Each structure stands twice: as C-alpha cells, then as structure tokens.
Amino acid sequence: MATRAVVIEDAKTGELRQAVYEHPFLVRFCHWVNAVALFVLVGSGLQIFRAFPSFGAKIPQKDLIDWPKWLAIGGWLGGALQWHLTFMWIYIATGLVYVGYQIFSGNYKQVLFVPRDVPDVWPMVRHYFFFGPKPPAREAYNSLQKHAYTSAIVLGALSVLTGLAIWKPVQFSWLAWMMGGFHWARLWHFLIMWATLAFVFGHLAMVVLHGWDNFVSMLTGWKKNPEYPAE
Amino acid sequence: MDGRKFKSLTRRELLKLTPVIALGAFAIPRLQMPLLKAGLDFSDWASARLFRSEHLTPTFADSDLTPFDKFPINDYDVNDPQVDFDRWTLTVSGAVQKPGDYTLAQIQALPKFMQNTRHVCVEGWDVIGNFGGAKLADFLSAIGADPTAKFVTVACADDYYESIDMATARHPQSLLCYEMYGRPLTREHGAPLRLSIPTKIGYKQAKYLTDLKVTHVLEKVGYWEDQGYSEFYGL
C-alpha cells in the first residue's frame, strides 16, 4: 500500500510521532458533502413518507407508523419533494466522483472488501461484539471496516436505483419490474434507507470509540499515531 | 518532519474543504427558496429529457385491477362541483383551427380506447384502474391544434387547472377519459370528462374538465405546481 507516512518531531520535547496520509482530498470532500446530502435525503424522505405512511392499499389505509414531523425536513410533502429532488443530484454526484476517484487512483484497494478479507471477519466480530482479543492491525482498514464501507457504497447505489424506479416507473419500467413493480420499489427504497442508517449509526459509534486523531484524519487527511505499521 | 511544518500542512488540507461550507447556503432563508426551485427545475428538465414519446407505460390484466370502490378519490376542495351534464361542453381555445364548444357526444365520436394502467399519486400510493376514452392526440387533430404549439392547459369545474407538455399530450396512452371500469365517469371521479395520462403523476390528471387551451407558452402551470410541486412530473 503506497501510503504516505512521515515522522513528526515535536519542537519542544523532541518526541517523535508517526503520521500517515490516509484520506485523499476528493475522498474527504465527497465524504462531507455526501454526509450532508444523506442527512437531507433521509429527513425529506421521511416527510414524503408521512404523506402516505403505509406500504399497503390506499383504501383501507393502514398506517405503519405516525412518524413525528419534527424528525423530518421540508414541512409538507411539496417542500420535502423539493429538498429530495435537489439533494438527490448532490448525492449521486458525490457518489460518482468518489467511486470514480477510488477506481482511477487505485485507492479503492485500501477500502474494498474482497474475498481475501473473509477469514478476518470472524475474529473482528469477536473483538467488537464479544470482547475477544484485538486482531493485529495490518493496514488502514480491518476486514469489518472494509465490509461496512463497501456495503455503504452498495446501499448508496441501491438507494439511487430504487429511487429512480419510484420517480420514473414508466421510463424505467424494467427497473421497477425488477423490483417487483412501483409498489415494491417504494418499500425497497424505504428499507435501504434503514440499512443505510444502520451503517451511519455504527459508523458514528466507531468514530466516537476511535478518538480524536481518527476523526481529524477525515478533515485533514493525515492520521497521527496510526494503529498499523506505516510504510 | 518538524512539528510546526506538519501543522501548517494539515491546516492547508483542512482549508481545502471550505467549499463544503457552500452547502450552508441552503440554511439561509433568503437563498433557500431559489436554490430549491433551481433543484426542482433541474429535475423537471431531466424528466422532460427522459420522456420518450413512443415508450408505452405497462398495462395490466383485468385481474390486476384495483376494485372500483377501492379506487381513491382525491380532490383539492370538493369532490362534486355540481356539473350540469345537460349543458356541459368543453370550451376549446388557443392555437387551434376550430375553437369553440365541444359536446361529450363529439368527443365520444372519436375512436375509443380502453386501458388498464397504473395511477400513481404524489403521496406515494398507487392503484391500477381501467380507463376509457378518446386519445387526446386524436382530439388535438380534430380541433386542428397547431403542430408547433408546446402546451395543453385545462381548466376545471372546481377551479382546478393543469398543464401538459405537448409531447405527453400526444402520447398514445394519454386519454380524454369519460369512462372508468366500463361505466360513465361518476361525479367523484371527474364526470363528465377527465384526463387519464398514465405517464404523469396523479395531480396532473385533472377532473371535471370545462376548458382546453392549446398554447405556445405556458400561461398557467397548475394548481399544485403553484404551491411548489414539480411542473413536469412525468413518470
């Protein structure tokens, strides 16, 4: 892995510390724009859902849940649609730039979950959830992190595809058909939102657990005191 | 590397992210409306580009139909504007060779088409209904609509109003609908004449039609569009 690493010397104490350049600019930029877009899309999406909070028939209508208005964005259906139809483009654009950059730069190698990562999954799960010993860190991302970040991209792509099937069920009738029709596409879109939220909550919990240096690395790109041996 | 040099390096990297703050413009009340309008307009532009005149919406078997009594009735103020059927006509105006008042019998004299299509509401529900009527394209030919005109606008007995782009109006599945489920339209469903345009969202399929105008420029968009909904909303 061609990670840029430096040794920093503290001017006063002379103490030596390591730092690695973990997140290239475009990755950080897309991450933060995408985070804002996802926040708006979930909030406005829930307001849109409030207009018909069911996945069954209109008559008789059986509401799934009375989602609170203060946990939604847009104020009413029309407002929420404006937010949703604006930020979906931002979400798609950052997603495409991110994936494109990862492919062309080769940076995807540090984050893409591949079959080789499978044997490392169970020890990592044991560590995170069952207080097992911590497996040694060999690279920037462990197998579970790779799994999470790769899943997030897959979920992002699926949310766009299911959204497209809802927005354009006639022009993309084949897409809606693959999802079981417009009616089902709407349910998939909703479920994929919850799966994405599950990723976000797990992600935020890990950010809190991993401390300040790790958080700062998504702002500056540089991570001080990496847990893995930098080259 | 010197500690201070590293600090200035990371500060530079942090400053590169400042364009992200531009998204904060959406939180400024004065900018929010125009920005969201631009987003909606862009989506409408993309919608119009995605529309294909020859692409048909899926049709369904009779066994897939939502039962007539389960077909929702949405209205924006009244579901029966007390239309006097005996004196009803459709008043045609604008860029047409034969303006004037058209009776239901004149519209029914055009070839009749029946189709089982999905009706999608902006709220999120959808039903499959049976709609019968004359092709809007045939009626536009009958009234001698200017082939270069861009819009068809309609006004309704309940003061509702709507507009349809010409490509959609001329789509083979766009109907001037006077029957649902093989029976004359009931009052709640828009008697005596409504639009059934399965390539559009529900609110564009106006009921209780009284006026139809062919225009080159969009004079009136639509009731819900004026409240902030999408102008094009093609499915």
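The values are calculated or read from the model by the stated rules, or taken from the named source; none is laboratory data. These numbers come from a predicted model, not from an experiment. Glycine also receives a Cβ, built like all others from the backbone with ideal geometry; neighbour counts cover every protein chain displayed.
A compact table of results
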read-out: So B:Val83, is it away from chain A (no Cβ under 13 Å), part of a loop (DSSP other than H, G, I, E, B), in contact with a helix residue (DSSP H, G or I) (Cβ under 9 Å, 6 or more places away or on another chain) and of a type in the set (Val, Ile, Thr); value: yes
read-out: Members of the range A:118-131 found to be at pLDDT below 85 and surrounded by 13 or more Cβ atoms within 10 Å (Cβ to Cβ), listed by number; value: A:Tyr128
read-out: Criterion (away from every other protein chain (no Cβ under 14 Å) and outside any loop (DSSP other than H, G, I, E, B)) met by exactly one of B:Glu219, B:Glu225, B:Glu188, B:Glu162; value: B:Glu162
read-out: Among the residues listed as B:Ser93, B:Ser43, the single one being among the small types (Gly, Ala, Ser) and within 18 Å of the chain's Cα centre (by Cα); value: B:Ser43
read-out: Residues being more than 19 Å from A:Ala205 (Cβ to Cβ) and of a type in the set (Ser, Thr, Tyr) - total across the range A:107-134; value: 1
read-out: Neighbours by Cβ (under 9 Å, 6+ apart or cross-chain): first from the range B:44-56, under 19 Å from B:Glu225 (Cβ atoms); second of a type in the set (Lys, Arg); value: B:Ser47/A:Lys168; B:Leu50/A:Lys168
read-out: Qualifying residue in the range B:127-134 (condition: within 21 Å of B:Val214 (Cβ to Cβ), buried (at least 20 other Cβ atoms within 10 Å of the Cβ) and of a type outside the set (Phe, Trp, Tyr)); value: yes
read-out: From the options A:Tyr149, A:Tyr101, residue that is touching a Cys at 6+ places or on another chain (Cβ under 9 Å) and surrounded by 15 or more Cβ atoms within 10 Å (Cβ to Cβ); value: A:Tyr101
read-out: The range B:1-22 residues that are more than 7 Å from chain A (Cβ to nearest Cβ), paired with ones that are surrounded by 12 or more Cβ atoms within 10 Å (Cβ to Cβ) and not in a helix (DSSP H, G or I) (beta carbon under 6 Å, 6 or more apart); value: none
read-out: Residue in the range B:72-94 that is at positive phi, surrounded by 14 or more Cβ atoms within 10 Å (Cβ to Cβ) and in the same structural domain as B:Ile143 (by TED's automatic domain parsing) present; value: yes
read-out: Residue, farthest from A:Lys224 (Cα to Cα), within the range A:1-54, restricted to residues that are among the aromatic types (Phe, Trp, Tyr) and facing chain B (nearest Cβ under 9 Å); value: A:Phe52
read-out: Enumeration of residues in the range A:214-231 that are closer than 12 Å to A:Ile8 by Cβ and at pLDDT 90 or above; value: A:Trp222
read-out: Every residue from the range B:57-71 that is in a loop (DSSP other than H, G, I, E, B) and either in contact (Cβ under 8 Å) with a residue 12 or more places away in the chain or not assigned by TED's automatic domain parsing to the domain that holds B:Gln173 (or both); value: B:Thr57, B:Pro58, B:Phe60, B:Ala61, B:Leu65, B:Thr66, B:Phe71
read-out: Residue count, the range A:168-212 (criterion: among the hydrophobic types (A, V, I, L, M, F, W, C), free of Cβ contacts under 8 Å to residues at least 40 places away in the same chain and within 14 Å of another protein chain (Cβ to nearest Cβ)); value: 13
read-out: Selection within the range A:69-87 - more than 8 Å from chain B (Cβ to nearest Cβ) and within 24 Å of the chain's Cα centre (by Cα); value: A:Trp70, A:Leu71, A:Ala72, A:Ile73, A:Gly74, A:Ala80, A:His84
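Residues checked against (1) touching a Leu at 6+ places or on another chain (Cβ under 9 Å); (2) at pLDDT 95 or above; (3) of a type in the set (Ser, Thr, Tyr); (4) not assigned by TED's automatic domain parsing to the domain that holds B:His119:
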{"site": "B:Lys7", "(1), (2), (3), (4)": "no, no, no, yes"}
{"site": "B:Arg11", "(1), (2), (3), (4)": "no, no, no, yes"}
{"site": "B:Leu17", "(1), (2), (3), (4)": "yes, no, no, yes"}
{"site": "B:Val20", "(1), (2), (3), (4)": "no, no, no, yes"}
{"site": "B:Gly24", "(1), (2), (3), (4)": "no, no, no, yes"}
{"site": "B:Pro29", "(1), (2), (3), (4)": "no, no, no, yes"}
{"site": "B:Ser43", "(1), (2), (3), (4)": "yes, yes, yes, yes"}
{"site": "B:Phe51", "(1), (2), (3), (4)": "no, yes, no, yes"}
